[in-house]
1. State the cysteines of the protein assembly as shown left without a partner when partners are defined as other cysteines whose beta carbon lies under 4.7 Å away.
2. Quick one: putting +1 on the C-beta of Lys and Arg, -1 on the C-beta of Asp and Glu, what dipole do you get for the stretch A:265-352 around its Cα centre, in Debye to the nearest 20?
3. Let me check I've understood the local charge: for A:G405, count other residues with C-beta under 13 angstrom from its C-beta, Lys and Arg +1, Asp and Glu -1. What total comes out?
4. Which one, B:V32, B:A43, B:T124, is farthest towards the positive end of the dipole of the stretch B:26-148 when Lys and Arg carry +1 and Asp and Glu -1 on their Cβ?
5. Give me A:M415, A:M361, A:M179, A:M2 ranked fewest to most by other Cβ atoms within 10 Å of their Cβ, as a rough exposure proxy.
6. Using only alpha carbon pairs under 8 Å that are at least six residues apart, calculate the relative contact order of the stretch A:338-449 and give it in whole percent.
7. Name the shape class, rounded, prolate or oblate, that the alpha-carbon gyration tensor gives for the stretch A:56-100, where a ≥ b ≥ c are the square roots of its eigenvalues, rounded holds for a/c under 1.5, and otherwise prolate holds if a/b is larger than b/c and oblate otherwise.
8. If I model a spin label at A:E250 and A:T321 as a point 7 Å from the Cα along the Cα→Cβ vector, what separation in nanometres do I get?
Amino acid sequence: MMRRLYVSQDTTARAVGADRLAKAWEKERDVEIVRTSSRGAFYLEPLVETDGPHGRIGWPNAAEPDLPRILRGEGGTPIDKIPFLARQTRVTFANAGVTRPLSLEDYRSHGGFAGLDAALRLAPEKIIEEMLVSKLRGRGGAAFPVGRKWQAAYETHADRKYVVANADEGDAGTYCDRMVMEGEPFRLIEGMLIAAYAIGATRGYIYCRYEYPAAARALWEAITILTEAGYLGEGALGRNARAGGGFTLEVFVGAGSYVCGEETALLQSLEGKRGMVQPKPPYPAVSGLYGKPTLISNVLTFATVPSILARGGAWHASLGTEHSKGTIALQIGGRVKQPGLAEVPFGLTLEEAIEEFGGGMATGARFKAVQVGGPLGSLFTKAGLKTRICYDEFARAGAILGHGGIVVFDQETDMVELARHFMAFTADESCGACTPCRVGSVRAREILDGFAQGRGRPGDLDLLADLGETMKQASLCGLGQRAPYPVLTAIEHFRKEFK
Amino acid sequence: MSRITGILKRTEGCQPNILKTLLAIQSELGHVPPASVPEIARALGVTDAEVAGVLSGYPDLRTEAPGRHVVRVCQGESCVANHCGRVLKEIEKKLGVGLGETTRDGRFTLEKVYCVGNCAASPTVMIGEDVYGRVAPETVGTLLKDCR
């Protein structure tokens, strides 16, 4: 009897041996290897699954000699009984680990294009209304209300409009966009198609970072498949002739600049220029790529759109807290037992995220601090773990959720070195358009270099605080405005280490 | 006709895009020779300064040919939390070069990278386009040995 084994082809699954298993086992008689996306329970990868009578059965951390055991059905765990997964509310990642990334058939049979079909039955104004009702906020970091962006782009008249997906997922500690692009690229493109129809755009780009070669390849293949199937290309949009001039989509690969994740710098880069931040207004929705109205959002934001259209804006607004609607894709990592992606409605505490999903600290590690929101986020200590994960509580704590990255540090972490690391990153990545960030980050790094070498001077901490305040107030974009936070929160919580 | 001239010929008729052009050159040659800046500028109808500005503005654009294998050690937060410094130190010791340097036999170039999205399996090392997770100082040797 032919036995089907599901093995993920996600980059992280491959990085811990999934390819090796697939290659070794595909030669076996009566074994069919099916490469799927990943569940996001990365601590279990390589995770091998088979079909059971009541759903999939999984063999976590599988190795080559496990094959006979797996084929006999010994020792597997029903996937839906794994607490890490069972406690989640999977919406955007509902098919993660289930479907083949580039199978249109799998996508359709798992709810794909329900959002686009619903959208194409509505007038553009009605789609935008659904987006406003959904209260979806941009998932890239700035958390701007998405419906308002769509409205602005819709209301601006122009001979050409663009839809751009920001796939420059540069916040260290995050990978949810990569998972979407590698695992279900059709979902991202469906979201972009809905946006294109709503605002009247005919061209689009996915700006993918250089460090994600597998994602870029998956996107190109997905675009080819959807073009052949009549969803993309000139003429019909989403196979609907009524919907105007069609939608042509391209992947554009960046070249390793973090600041290109900032929307105006990204659009400069897309035009082929140096990625320099531009003052706003004008906002991209009014004047963006080549001076035309451009709807730009991050990958996860677009990937959230299909379910909103399929299930209604009110459904989306029923999830989460008062000002943070829907689900958030937390990417929990660092020194925890169970690093992985947890999609949950907004509102759980940081502690719950770390304990219930992260599984607590890794063996031998003791909690020291947690960084939320990437290199521009803030550090929390034990005292801050009751903070609820939603935009308003984080804003009150002077922090940001950013792109949903949660990185836990252990007792061996040197906070001076960590602060220096953060500021060195900003000094490396500052585009130089504004002085506070360009000069401030270098000066701050120099001061932190001093502490790291044990030659901090009296007054240096005050100088850092002052410099940080200037950067926060006067920088042109989020990079300079937010860069002082990890450093200042490190000093606030671990002052004794700075000497 | 030089290889660069050939690549530039292919971009004729398209909307001029400096970054895309430089990446196309790099993907064929492995790097963008600074001496080719004036030729690129002429072909795209832009100034030398604009091309040089793009070339220096992106960390992943190279002006020198790298070694046969580019080894990039991730310095993202999750890797830092998982003490990637120890992995880096071991690789430096094994290769006898520091960050940004190429081994004398031209086999390896060692670099850092800020996050490759493999944060759930830190520490991460990328060799060429291949990503390796849960790398420990003890497993570094095996990774490098496979690179001829």
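Read-outs: derived from the displayed coordinates by stated rules, not from any lab. None of the values given here were measured: they were computed from a predicted structure. Heads up, the Cβs are rebuilt from the backbone with ideal geometry, glycines too, and the neighbour counts pull from every protein chain shown.
1. Cys with no partner Cβ under 4.7 Å: A:C176, A:C208, A:C260, A:C390, A:C431, A:C434, A:C437, A:C477, B:C14, B:C115, B:C119, B:C147.
2. Dipole size: approximately 360 debye.
3. Numbers: positive: A:R139, A:R178; negative: A:E169, A:D171, A:D177, B:E77.
My count for the surroundings of A:G405 gives -2.
4. In the stretch B:26-148, that residue is B:T124.
5. Working: A:M415 22, A:M361 19, A:M179 32, A:M2 7.
The fewest-first ordering by Cβ neighbours comes to A:M2, A:M361, A:M415, A:M179.
6. Values: 131 pairs, mean separation 25.8, N = 112.
Computed over the stretch A:338-449, the figure is 23 percent.
7. Values: a/c = 2.84, a/b = 2.00, b/c = 1.42.
Verdict is prolate for the stretch A:56-100.
8. Between A:E250 and A:T321, the simple spin-label model gives 4.2 nm.
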